[in-house]
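Report on the following structure.
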Amino acid sequence: MKSALRRLFVISAAAIAASTLAARLGAAQEPGARRGDPPLVSPEVAADHRVTFRLRAPDAKVVTVSGDFGNDLQLQKSGEGIWSATVGPVDPEMYVYYFTVDGVRLTDPSNPQVKIGYVTSTTTSLLTVPGDAPAFYDVQDVPHGEIRTLLYKSRSNGVTRELTVYVPPGYDEARNRRYPVLYLLHGFANDHHSWHRYGRANDILDNLLAQRSIEPFLVVMPLGYGGARINGDGTGIPAKDAGNFGGDAALYERDLLEDIIPMIDGKYRTISDRKHRAIVGFSMGGGQAGRFGLRHLETFSHVGIMSAGMAGGPDTEPLATLAANPAKANKEIDLLWIACGKDDTAMKGAQTLHHALEQARIEHTFLETEGAHHWRVWRRYLRDLAPLLFK
């Protein structure tokens with residue numbers, strides 16, 4: 001009897017200890033349960049568009065804030081151990097930023113708006129500076145499309161992958177209507193959610209549709225790393241055993257042509273011919289869009305390259321094939337659109353591609369715009385390019 005009671009006491013004590021530990025861990029992991037210092041407001045956007053960043057770090061020696069809104073700025077420390085700095089006025093737009101504390105990079109712990117990246121060095125906090133009127137990428141009082149996520153087995157890659165699809169407003173109701181398709185590719189360190197999360201592609205297209213600047217079309221946003229399997233957490237970041245980090249471009253091309261396009265044509269009411277199929281991308285995705293699109297004019301007739309080149313001259317593929325018969329190529333290409341920011345490190349590659357196309361006598365549009373290698377440029381490019389598609 002005493003032995004049984006002793007065992008019961010030990011079990012009960014262990015259960016209480018486990019329950020107490022779980023409660024402590026739960027409290028530690030649940031932000032709403034934390035007690036201590038009052039929350040900071042950071043970033044704080046004033047009416048004059050000046051932005052103040054704050055960070056509580058009483059033991060830090062040096063704190064800086066870096067972002068695509070300007071030069072790095074050193075924060076100043078108050079007597080309470082709160083570091084702060086004010087920049088601006090900053091033009092109304094969406095920006096990214098991060099802190100560096102004694103050499104360690106951090107997102108802003110007071111700001112829940114975070115841009116996740118395929119690598120930790122591209123994970124940043126988000127800053128929105130609103131204007132007096134809605135921006136072209138803002139959610140407005142217009143009919144809205146939907147973002148749908150598809151899991152699929154890529155037979156060419158031998159793995160389960162994921163993509164997202166923008167379905168324009170009214171798609172489900174217009175059962176007798178068929179739609180063109182834009183395949184919209186992301187850049188390195190991004191994923192198949194980036195175009196709608198940070199590029200605001202669905203909001204841009206909703207607004208353009210409401211303005212009657214475009215006709216409705218579907219948008220397919222694939223995961224741009226060939227061979228990478230989805231890991232189930234919705235980020236698109238593959239497990240560590242997924243193989244080549246940057247992905248296999250040849251496998252990605254096969255996935256697009258052999259798996260994704262047939263699946264989209266079978267699942268959605270598409271106009272499944274080359275005249276109603278476009279491929280566009282930025283940075284890594286811009287180079288992919290150029291190579292995949294120009295190499296497969298039997299599949300695509302519209303190609304858009306943002307902030308990227310394709311490496312090589314008119315004697316390298318796929319340009320060499322086009323240069324061999326430019327009249328045929330120009331007849332097959334309905335739109336070849338290239339744009340890059342003047343401050344973008346990709347400008348040299350974009351200019352090289354432009355000159356190679358000129359030598360090959362391939363008709364195209366080449367734009368040198370303001371801006372660098374960031375989402376503010378790519379959002380504008382999508383806004384400007386979309387009305388040119390499927391004309």
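Below is a table of values for the structure above.
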item: Residues of the range 352-391 that turn out to be surrounded by fewer than 19 Cβ atoms within 10 Å (Cβ to Cβ), among the hydrophobic types (A, V, I, L, M, F, W, C) and either under 25 Å from the mean Cα position of the chain (by Cα) or within 16 Å of Ala308 (Cα to Cα) (or both), as a count; result: 4
item: Selection count, the range 251-276, where residues are open to solvent by less than 20 Å² (accessible area, probe 1.4 Å) and outside any helix (DSSP H, G or I); result: 2
item: Test: residue in the range 337-347 that is open to solvent by 70 Å² or more (accessible area, probe 1.4 Å), at pLDDT 95 or above and assigned to a helix (DSSP H, G or I); result: no
item: Filter result for Leu163 (in contact (Cβ under 8 Å) with a residue 60 or more places away in the chain, surrounded by fewer than 16 Cβ atoms within 10 Å (Cβ to Cβ) and part of a strand (DSSP E or B)); result: no
item: Boolean, Val41 is closer than 29 Å to Pro134 by Cβ, crowded, with 18+ Cβ neighbours inside 10 Å, hydrophobic (A, V, I, L, M, F, W, C) and in contact with a strand residue (DSSP E or B) (Cβ under 9 Å, 6 or more places away or on another chain); result: no
item: Which listed residue, of Val114, Val104, is open to solvent by 10 Å² or more (accessible area, probe 1.4 Å), touching a Leu at 6+ places or on another chain (Cβ under 9 Å) and closer than 26 Å to Pro39 by Cα; result: Val114
item: Top-ranked residue in the range 125-184 [being acidic (Asp, Glu) and touching a strand residue (DSSP E or B) at 6+ places or on another chain (Cβ under 9 Å); ranked as nearest to Arg200 (Cα to Cα)]; result: Glu146
item: Residues satisfying the stated conditions in the range 172-194, i.e. open to solvent by less than 40 Å² (accessible area, probe 1.4 Å) and touching a residue at least 60 places away in the same chain (Cβ under 8 Å); result: Tyr179, Pro180, Val181, Leu182, Tyr183, Leu184, Leu185, His186, Gly187, Ala189, Asn190, Asp191
item: Any chance Lys328 is free of Cβ contacts under 8 Å to residues at least 12 places away in the same chain and basic (Lys, Arg); result: yes
item: Output for the range 61-97, where each listed residue is open to solvent by 80 Å² or more (accessible area, probe 1.4 Å) and part of a loop (DSSP other than H, G, I, E, B); result: Lys61, Gly79, Glu80, Pro89, Asp91
item: Residue check for Ala327: open to solvent by 50 Å² or more (accessible area, probe 1.4 Å), at pLDDT 95 or above and either assigned to a strand (DSSP E or B) or among the aliphatic types (A, V, I, L, M) (or both); result: yes
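The values are calculated or read from the model by the stated rules, or taken from the named source; none is laboratory data. No experiment lies behind these values; they were computed from the predicted model shown. Using ideal geometry, Cβ is built from the backbone for each residue, glycine included, and neighbour counts are taken over all protein chains shown. Side chains are part of the model used for accessible areas, which takes the heavy atoms of the whole protein and leaves out ligands, DNA and RNA. Shrake-Rupley method; radii C 1.70, N 1.55, O 1.52, S 1.80 Å.
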